[in-house]
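Asks: Shown below is the structure under consideration.
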Amino acid sequence: MSTKKKLKRNIIIGYKQAVGAPLLETSGVRTNPPMGRLVFFSFVSIFSFLVTFSDVMIPQKHVMALPLSTDSRWIVDENGQRVKLACVNWVSHLEVMVAEGLSKQPMDAIAKRILSMGFNCVRLTWPVFLVTNDTLGSLTARQSFQIHGLLESISGIQANNPSIIDLSLLDVYQAVVSSLGDNNVMVIVDNHVSKPGWCCSNFDGNGFFGDQYFDPDVWITGLTRMASMFNGVPNVVGMSLRNELRGPKQNVNDWYRYMQKGAEAVHSANPDVIVILSGLNYDKDLSFLRNRPVNLTFSGKIVFEAHWYGFTDGEAWKNGNSNQVCGRVVDNMMRMSGFLLDQGWPLFVSEFGVDQRGTNVNDNRYLGCFLGVAAELDFDWALWTLVGSYYLRQGVLGMNEYYGVLDWNWCEARNSTFLQQISALQSPFRGPGLSEANPHKVIFHPSTGLCVLMKSMFEPLRLGPCSESESWNYTPQKILSVKGTYFCLQTDDLAKPAKLGIICTDSNSKWETISDSKMHLSSKASNGTTVCLDVDSSNTIVTNVCKCLSKDNACDPESQWFKLVNSTRSSTMIKPLSRMIPTLNFPSKDFHGSS
């Protein structure tokens with residue numbers, strides 16, 4: 001037996017000898033020691049059962065080995081270790097056909113900014129005609145801007161990116177990919193449209209096979225040329241076949257006919273890239289795959305993509321109760337696309353996003369629900385969008401993009417609070433090769449992007465970085481305990497901080513998920529009142545009356561939304577002893593747990 005195991009065994013034996021029996025068994029049945037035994041409850045015994053043993057390991061930095069492939073529902077590298085795509089969309093498919101923002105900032109500065117915001121990947125859009133229409137593809141960047149009267153943009157590019165102004169549009173696209181690669185940013189090459197321009201509507205001629213601008217043969221030619229162009233370019237890790245199929249011509253049979261042809265064409269031209277297939281109805285519907293999988297000559301490279309915005313469901317979030325809307329929308333998402341994860345396919349939510357000004361009620365309510373699901377399912381994703389402003393969009397010069405993560409000048413993050421909200425989701429919680437710690441749960445708070453953790457022995461539980469979260473265990477008896485210790489989460493009284501205790505069989509130690517959102521954690525206070533876990537203005541974890549469970553459409557429940565997330569990733573640091581010894585909450589009368 002190792003020294004560590006012997007130490008753990010001896011400490012536990014010493015504790016049991018001191019108090020007579022363990023206070024928390026897996027069955028949920030407690031054996032209470034006689035009061036006389038408390039005399040022997042020494043500091044050594046207290047110390048022994050507080051220390052967390054084997055669940056905190058020193059994490060090792062993962063160096064990706066490209067190319068990527070798939071392992072069941074996960075995207076993995078060449079060594080079989082999970083790689084989570086945490087991407088941002090960079091628009092390059094509009095009329096000018098030059099990646100947006102290059103008149104505002106140097107290409108390298110934008111790439112570095114992407115990385116500094118925590119993204120490891122860009123979904124870089126392109127139109128089919130860029131590679132199939134020689135007249136368009138041979139235009140230089142300068143000529144393309146001149147055609148659209150964008151003289152100010154030419155001046156901006158000459159100042160910030162002078163080396164590309166007289167390159168062909170195809171060479172500019174390749175230069176952007178190269179700059180991202182120089183900064184260790186992966187690229188998903190996304191065929192967004194055929195004819196360059198803003199996407200999307202049912203009648204724009206770009207929606208489905210056979211539409212005015214969407215010739216399937218020309219499309220496959222474009223895919224083949226683009227795949228060949230980036231064969232051997234290591235940071236181009238994937239190709240998305242087509243964005244948001246839609247319109248009156250869409251049908252399942254043609255989807256299988258052409259998407260399978262497109263996938264085969266890409267794989268034949270570039271077998272290294274993962275091949276990403278979108279669904280119908282603006283990429284909301286992949287339900288037809290439930291009983292009819294794709295039939296391809298290759299495997300280990302297929303990923304499916306879906307889109308999910310607040311406006312996907314109209315103004316349901318603004319007009320309805322957030323808990324009820326969240327429950328209904330998530331159920332629908334699982335029926336339409338989320339089921340693929342259970343079937344062993346990776347799901348890439350390649351577009352989600354919100355108005356970064358924070359004034360859109362519909363978006364704000366949607367976001368908390370989305371982030372909770374994104375943490376729970378731990379899927380790959382791409383935020384819409386990087387773009388702070390456009391050269392020209394829908395006839396408007398310099399249009400401000402309020403969904404953009406960067407500001408109008410492409411200098412700073414538009415909303416740093418939003419970046420905090422998504423930061424925990426930029427790393428994987430679990431997956432192949434991710435075994436820094438034994439399986440456990442973290443308690444994630446979507447509204448802040450933080451997790452429940454202990455700061456010190458003198459402070460209550462607070463929200464903090466998920467990278468520093470305790471490892472929690474949620475038992476069949478509905479007890480939330482700090483894994484590897486005898487501590488469990490308990491409620492005290494209304495508006496009081498939640499606490500950690502060692503008598504873990506009373507009603508104030510049992511936590512159930514309630515409400516349609518499944519994100520309220522409820523328990524019983526000492527007076528029998530049902531309470532929910534909550535967060536106060538100082539980020540302290542408290543318990544309050546459960547709010548907004550149903551009906552009330554004006555109520556905001558998000559301070560009480562928590563998600564128990566499965567994880568095998570550890571803290572980024574070994575926690576100091578003061579973090580391991582929180583304040584004890586002994587019962588005031590006896591070990592029967594009365595108070």
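Asks: Would you call residue 339 within 20 Å of the chain's Cα centre (by Cα), outside any helix (DSSP H, G or I) and modelled with pLDDT of 95 or more?
Replies: Working: within 20 Å of the chain's Cα centre (by Cα): yes; outside any helix (DSSP H, G or I): no; modelled with pLDDT of 95 or more: yes.
Taking the combined requirement at face value, the residue does not satisfy it.
Asks: Taking segment 322-340 as the region of interest, how many residues are among the hydroxyl-bearing types (Ser, Thr, Tyr) and touching a Phe, Trp or Tyr at 6+ places or on another chain (Cβ under 8 Å)?
Replies: 1
Asks: Mind checking which pairs have a first residue in segment 505-519 that is in contact (Cβ under 8 Å) with a residue 60 or more places away in the chain and a second that is in a strand (DSSP E or B), Cβ under 6 Å, 6 or more apart or different chains?
Replies: As it stands, the answer is 519/563, since those pairs meet every condition given.
Asks: Also: Taking residue 213, is it farther than 24 Å from residue 85 by Cα and in a helix (DSSP H, G or I)?
Replies: So residue 213 does not fit the description; no.
Asks: Which condition number in (1) crowded, with 20+ Cβ neighbours inside 10 Å; (2) in contact with a helix residue (DSSP H, G or I) (Cβ under 8 Å, 6 or more places away or on another chain) is the one that residue 455 fails?
Replies: (1)
Asks: Pairs needed: first member in segment 241-264, within 18 Å of residue 307 (Cα to Cα); second member anywhere, among the β-branched types (Val, Ile, Thr) and buried (at least 20 other Cβ atoms within 10 Å of the Cβ); C-beta distance under 8 Å; at least 6 residues apart or different chains.
Replies: 241/266; 241/275; 241/276; 243/125; 243/193
Asks: Same structure, new question: Here is a check on your reading of the model: is residue 395 free of Cβ contacts under 8 Å to residues at least 24 places away in the same chain and more than 30 Å from residue 554 (Cβ to Cβ)?
Replies: In short, yes.
Asks: Checking the condition surrounded by fewer than 20 Cβ atoms within 10 Å (Cβ to Cβ) and either more than 26 Å from residue 443 (Cα to Cα) or not assigned by TED's automatic domain parsing to the domain that holds residue 239 (or both), which residue from 311, 304, 352 passes?
Replies: Exactly one of 311, 304, 352 is surrounded by fewer than 20 Cβ atoms within 10 Å (Cβ to Cβ) and either more than 26 Å from residue 443 (Cα to Cα) or not assigned by TED's automatic domain parsing to the domain that holds residue 239 (or both), namely 311.
Asks: Next question, about the same structure. Which one of 504, 488, 451 is in contact with a strand residue (DSSP E or B) (Cβ under 6 Å, 6 or more places away or on another chain) and within 25 Å of residue 349 (Cβ to Cβ)?
Replies: Sole residue among the options that is in contact with a strand residue (DSSP E or B) (Cβ under 6 Å, 6 or more places away or on another chain) and within 25 Å of residue 349 (Cβ to Cβ): 451.
Asks: Return the total of residues in segment 225-273 being assigned to a loop (DSSP other than H, G, I, E, B) and either crowded, with 16+ Cβ neighbours inside 10 Å or not polar (S, T, N, Q) (or both).
Replies: 19
Asks: Working only within segment 507-526, note down all residues that are in a loop (DSSP other than H, G, I, E, B) and either surrounded by fewer than 18 Cβ atoms within 10 Å (Cβ to Cβ) or of a type in the set (Gly, Ala, Ser) (or both).
Replies: The answer is 515, 517, 525, 526.
Asks: I'd like the full set of residues that are surrounded by fewer than 24 Cβ atoms within 10 Å (Cβ to Cβ) and more than 29 Å from residue 132 (Cα to Cα), limited to segment 76-103.
Replies: 76, 77, 78, 79, 80, 81, 82, 84, 86 - these are the residues of segment 76-103 that are surrounded by fewer than 24 Cβ atoms within 10 Å (Cβ to Cβ) and more than 29 Å from residue 132 (Cα to Cα).
Asks: Here is a check on your reading of the model: is residue 388 at pLDDT below 95, over 15 Å from the mean Cα position of the chain (by Cα) and more than 22 Å from residue 560 (Cα to Cα)?
Replies: No, not satisfied.
Asks: Just checking, does segment 421-430 include any residue being free of Cβ contacts under 8 Å to residues at least 60 places away in the same chain and within 24 Å of residue 379 (Cα to Cα)?
Replies: Checked segment 421-430: at least one residue is free of Cβ contacts under 8 Å to residues at least 60 places away in the same chain and within 24 Å of residue 379 (Cα to Cα).
Asks: Another question about this same structure. From 423, 416, 447, 471, grab the single residue that is among the polar types (S, T, N, Q), more than 17 Å from residue 356 (Cβ to Cβ) and under 20 Å from the mean Cα position of the chain (by Cα).
Replies: Result of the check over 423, 416, 447, 471: 471.
Asks: Within the set of pairs 6 or more residues apart or between chains, which connect a residue that is charged (D, E, K, R) inside segment 180-197 to a residue that is part of a helix (DSSP H, G or I) with Cβ atoms less than 9 Å apart?
Replies: Note: pairs meeting the criteria are 182/108; 182/111; 195/129.
Residues are listed down the side, and each one gets a yes or a no for (1) of a type in the set (S, T, N, Q); (2) within 24 Å of the chain's Cα centre (by Cα); (3) assigned by TED's automatic domain parsing to the domain that holds residue 88:
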residue	(1), (2), (3)
270	yes, no, yes
274	no, yes, yes
281	yes, yes, yes
287	yes, yes, yes
293	no, no, yes
318	no, yes, no
328	no, yes, no
335	no, yes, no
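Asks: While we're here: Any residue at all in segment 147-170 that's of a type in the set (Asp, Glu) and under 30 Å from residue 246 (Cβ atoms)?
Replies: No, because not a single residue in segment 147-170 is of a type in the set (Asp, Glu) and under 30 Å from residue 246 (Cβ atoms).
Asks: Report those helices (runs of 4 or more DSSP H) wholly inside segment 117-174 carrying at least 3 residues which are surrounded by 14 or more Cβ atoms within 10 Å (Cβ to Cβ). Talk me through it step by step, then tell me what you get.
Replies: Working: elements: 129-132, 134-137, 141-147, 151-160.
Per the criteria, 129-132, 141-147, 151-160.
Asks: Given the conditions (1) surrounded by fewer than 16 Cβ atoms within 10 Å (Cβ to Cβ); (2) in the same structural domain as residue 125 (by TED's automatic domain parsing), report the number of the one that residue 358 does not fulfil.
Replies: Among (1) surrounded by fewer than 16 Cβ atoms within 10 Å (Cβ to Cβ); (2) in the same structural domain as residue 125 (by TED's automatic domain parsing), the lone unmet condition for residue 358 is (2).
The values are calculated or read from the model by the stated rules, or taken from the named source; none is laboratory data. Quantities reported herein were computed from a predicted structural model and do not represent experimental measurements. Using ideal geometry, Cβ is built from the backbone for each residue, glycine included, and neighbour counts are taken over all protein chains shown.
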